[in-house]
Amino acid sequence: MPDGAHWQDNTCPMDEGTPPLLISVIGSSSPTAQGRELARQVGRLLAERGVVLVCGGLSGIMEAACQGAWEAGGLTIGILPGNDPRDANPYVRIPICTDLGYARNVIVVKSGKAVIAIEGAYGTRSEIAHALGDGIPVIGLGTWSFSVKGKKDRQVVPSATPEEAVAKALEAAGKRRPPLPRRRLIIQGSKLTRAASQANPRSRA
C-alpha cells in the first residue's frame, strides 16, 4: 500500500443485487507529464462516482489513473500480463494475473462497459480496435484517431477534458447496462436457493 494511502469502507456505493459499474482506462506506460495528470484526474472522477476502474495494472497512464482513483477511495483492478501480482503498480487494489502478455489487452477492454483512452502507443491502439470491434464505446482524451478509406472514423468519441471524458463514458456505459433482476438468497431448511424478482435493481423493495 502506498505511503499515506488508506482504504475507505464507504466507497463504490451500490444497491443490493446491483453489479458495480466497471470502466476501463487505457494508455501508454510511458506517457507525457500532461497525460499522467489527465489520467490521475480521470481516475479520481470515476472513483467519486462509485465506478470501479479497470486497467492493465502496470505503470504510466495505468498507474496514474489508479492513483487518482485510490486517492478518492475508489476500487481499482489491474489485469496483468504476467504471473506475479507484485508487478502491479502500488495503487492496484485487485491484481489479476493472466500470463497472456499483450493478449490480456482484450480482457482489459472487454471488462469495462466503456473505455477511456488517454494518449497511448501501439498497444493502446490495439485495445481501441478490440473495443470498437466488440461494440464497446471508446472515449478519447488526446489519443489515436482513425480513418477508413481516407475518411475520418468517428467511432472514438473525442473529449477535451477529464470531466468531459468521464461524463461521456458514463453516458455510453449507461446505454449498455440494462436493468438486471434483483437477486436475493433464501434459506429453506438446509437448502440455500437463489431467487430473483423483476424489480428495478436500483430501487429497494
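The values are calculated or read from the model by the stated rules, or taken from the named source; none is laboratory data. Given the structure is predicted, the values throughout are model-derived calculations rather than measurements. Backbone-built Cβ (ideal geometry, glycine too); neighbour counts: all protein chains shown.
Taking the condition of being acidic (Asp, Glu), at pLDDT below 95 and surrounded by 18 or more Cβ atoms within 10 Å (Cβ to Cβ), how many residues in segment 108-163 meet it?
So the count comes out to 0.
Count, please, the residues in segment 75-93 that happen to be crowded, with 24+ Cβ neighbours inside 10 Å and within 11 Å of the chain's Cα centre (by Cα).
3
Please indicate, with yes or no, whether at least one residue in segment 88-100 is in contact with a Phe, Trp or Tyr (Cβ under 6 Å, 6 or more places away or on another chain) and under 29 Å from Glu48 (Cβ atoms). Spell out how you get there, then give the answer.
Here is the first cut: in segment 88-100, the residues in contact with a Phe, Trp or Tyr (Cβ under 6 Å, 6 or more places away or on another chain) are 91.
Next, from what is left, pick out any that are under 29 Å from Glu48 (Cβ atoms): 91.
So far as segment 88-100 goes, yes, one or more of its residues are in contact with a Phe, Trp or Tyr (Cβ under 6 Å, 6 or more places away or on another chain) and under 29 Å from Glu48 (Cβ atoms).
Take segment 164-191 and flag every residue that is of a type in the set (A, V, I, L, M) and at pLDDT 85 or above.
The initial filter retains those residues of segment 164-191 that are of a type in the set (A, V, I, L, M), namely 165-167, 169-170, 172-173, 180, 185-187.
Once the filter is applied, which keeps residues that are of a type in the set (A, V, I, L, M) and at pLDDT 85 or above, segment 164-191 yields Ala165, Val166, Ala167, Ala169, Leu170, Ala172, Ala173.
Return the residues of segment 113-164 that are within 14 Å of the chain's Cα centre (by Cα), part of a loop (DSSP other than H, G, I, E, B) and either over 17 Å from Leu46 (Cβ atoms) or among the hydrophobic types (A, V, I, L, M, F, W, C) (or both); say none if nothing qualifies.
Across segment 113-164, the qualifying residues are Ala114, Ile136.
Does segment 70-102 hold any residues that are aliphatic (A, V, I, L, M) and closer than 18 Å to Ser28 by Cβ, and which are they?
The answer is Ile79, Leu80, Ala88, Val92.
(1) in contact (Cβ under 8 Å) with a residue 60 or more places away in the chain; (2) in contact with a Cys (Cβ under 6 Å, 6 or more places away or on another chain): which one isn't true of Arg93, the others all being true?
Unmet condition: (2).
Between a residue in segment 71-86 that is touching a residue at least 12 places away in the same chain (Cβ under 8 Å) and closer than 23 Å to Arg44 by Cα and any residue that is charged (D, E, K, R) and outside any helix (DSSP H, G or I), which pairs come within a Cβ distance under 6 Å, given they are 6 or more apart or on different chains?
Correct list of pairs: Leu75/Arg93; Thr76/Arg93.
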